[in-house]
Amino acid sequence: MRADENNPDASEHALEMLLSAIPDDSVHFRQLCNEVENWDDILHSALLHGVESLLHHHLIEIGFKLPPAIEDRVHRWQMIKDLWQTHAQSALDEALRVLDSASVRAVALKGPVLGERLYPDPRMRVSADLDLLVAFADLERATAALKTVGYGASKESQARFLRKYHYHTILRRSCPPVIELHFRLSDGFGVEIAAEEFLTRARVYRTAQGAVAGILSPEDEMLYLSIHAAGHRFVRLSWLFDIKLLLRHYPDLDWTTTLARAHSLQVLAALLFTCETLHSRFGVKIPLNESMPQRIRSRIANFLLAATARQPDPSRRSLLGKMAFTAVLCDRPGAALDFLQRQLLLIVRRRAHRHFPSLTPEEWAY
């Protein structure tokens with residue numbers, strides 16, 4: 001199995017093959033490892049996709065020896081990442097305790113809690129920030145509670161923009177990580193998905209350090225992780241691997257309920273495309289109803305994924321490709337039109353602010 005340093009796609013494909021074999025097929029995983037000719041490129045790709053720690057863990061588990069220089073470098077990086085993840089977990093526990101004391105119900109999305117629940121070691125699931133979901137009615141109270149431990153918006157203009165045009169606000173303090181405080185589950189694919197019904201169905205979870213958090217029901221979590229990964233165009237394989245481990249953890253997941261909720265929320269196309277991508281990249285079979293094909297839509301979406309991957313980011317072509325990809329996965333033409341109109345409006349506002357900063361509101365900069 002060859003990884004060509006001049007062809008990042010080859011390294012990514014080789015990484016996908018390795019990830020498809022773990023955690024349940026160690027024999028095939030070892031066979032694939034023996035075929036790798038360039039571990040430097042594989043591990044660099046794994047680092048970019050947030051799965052280097054996971055891959056290294058499974059290499060150790062099967063007793064596979066990396067070249068000494070590479071092993072030493074990976075070990076040193078692993079120590080640094082472990083320190084970061086321990087710090088991120090502590091910051092999350094602190095935030096959860098503060099919100100619990102303020103009687104704010106919060107659901108932990110992705111991040112360290114997902115790592116605790118689904119991964120062999122929570123430090124394998126690297127988290128750059130912390131995502132918490134609260135009801136819109138609790139947003140002000142949650143923000144005030146987190147302010148007591150140093151979190152706040154960098155700029156009030158940015159906070160106003162995010163509350164009006166986004167699904168979360170960003171809270172920072174002197175030391176990372178930042179908190180993305182979600183007041184909607186999502187606003188992608190031309191629809192806004194309110195948080196409240198998901199909070200109602202959430203389950204209580206206690207972290208390893210004893211903090212209380214909510215976690216989404218299995219069907220809701222499958223839906224959320226799918227639209228999140230699709231919304232970010234699967235640029236990190238870790239998001240797809242999260243879903244793989246979720247389905248392994250919940251083998252009896254109710255697909256009828258998941259599909260019905262996706263249909264009612266008008267994000268069915270994004271869910272189905274994520275399931276197809278999970279199958280094509282990791283070989284995960286999902287028992288979906290064959291009466292719901294979307295072959296033409298999938299072909300267009302895959303073409304746009306490949307096209308945008310080849311464009312420098314940021315660039316005009318990359319931006320247009322991303323917008324087109326999301327529009328293709330909108331359930332209704334009207335939703336696609338609403339999405340495109342909104343994105344174009346924001347682009348025009350940003351350009352206007354760039355050229356006429358003194359004549360336009362500060363929130364137009366975002």
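Overview of results
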item: Heavy atoms of W364: accessible area, 1.4 Å probe, square angstrom to 10; result: 80
item: Å² of accessible area per residue within segment 194-239, as computed with a 1.4 Å probe and no ligands counted; result: 35
item: Mean accessible surface per residue for segment 244-366, computed with a 1.4 Å probe while every protein chain stays in place, in Å²; result: 60
item: Karplus-derived HN-Hα couplings along segment 355-366 (A = 6.51, B = -1.76, C = 1.60, θ = phi - 60°), whole Hz, x at Gly and Pro; result: 8, 10, x, 7, 9, 10, x, 4, 5, 6, 6, 9
item: Which listed pairs, of K110/K164; K81/K110; K244/K285, have C-alpha distances above 20 Å, in listed order; result: K110/K164
item: Accessible surface of I80 - all protein chains present, 1.4 Å probe, nearest 10 Å²; result: 100
item: HN-Hα J in Hz across segment 137-151 - Karplus 6.51, -1.76, 1.60, θ = phi - 60°, x for Gly and Pro; result: 5, 9, 4, 5, 5, 5, 4, 5, 5, 5, 5, 5, 10, x, 8
item: Relative contact order computed over the chain (Cα-Cα under 8 Å; 6+ residues apart), in percent; result: 14
item: Residue-averaged [θ]222 nm for the chain, counting only DSSP H segments that reach four residues, each worth -39500 (n - 2.57); result: -19000 deg cm²/dmol
item: Eligible lysines near K147 by straight Cα distance, threshold 19 Å, same-chain separation 8 or greater; result: K155
item: Karplus 3J(HN,Hα) series, Hz, for segment 321-326 with 6.51 cos²θ - 1.76 cosθ + 1.60 (x for Gly, Pro); result: x, 5, 5, 5, 4, 5
item: Trypsin sites (Lys or Arg not before Pro) restricted to DSSP loop in segment 298-354 with at most 15 other C-beta within 10 Å; result: R310
item: Accessible carbon and sulfur surface of segment 149-249 relative to its total accessible area, %, 1.4 Å; result: 50
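The values are calculated or read from the model by the stated rules, or taken from the named source; none is laboratory data. Bear in mind the structure is a predicted one, so any value in this text is a computation, not a measurement. Neighbour counts run over all protein chains shown; Cβ positions are idealised from the backbone, glycine included. Accessible surface areas use protein heavy atoms only, side chains included; no ligands, DNA or RNA. Shrake-Rupley method; radii C 1.70, N 1.55, O 1.52, S 1.80 Å.
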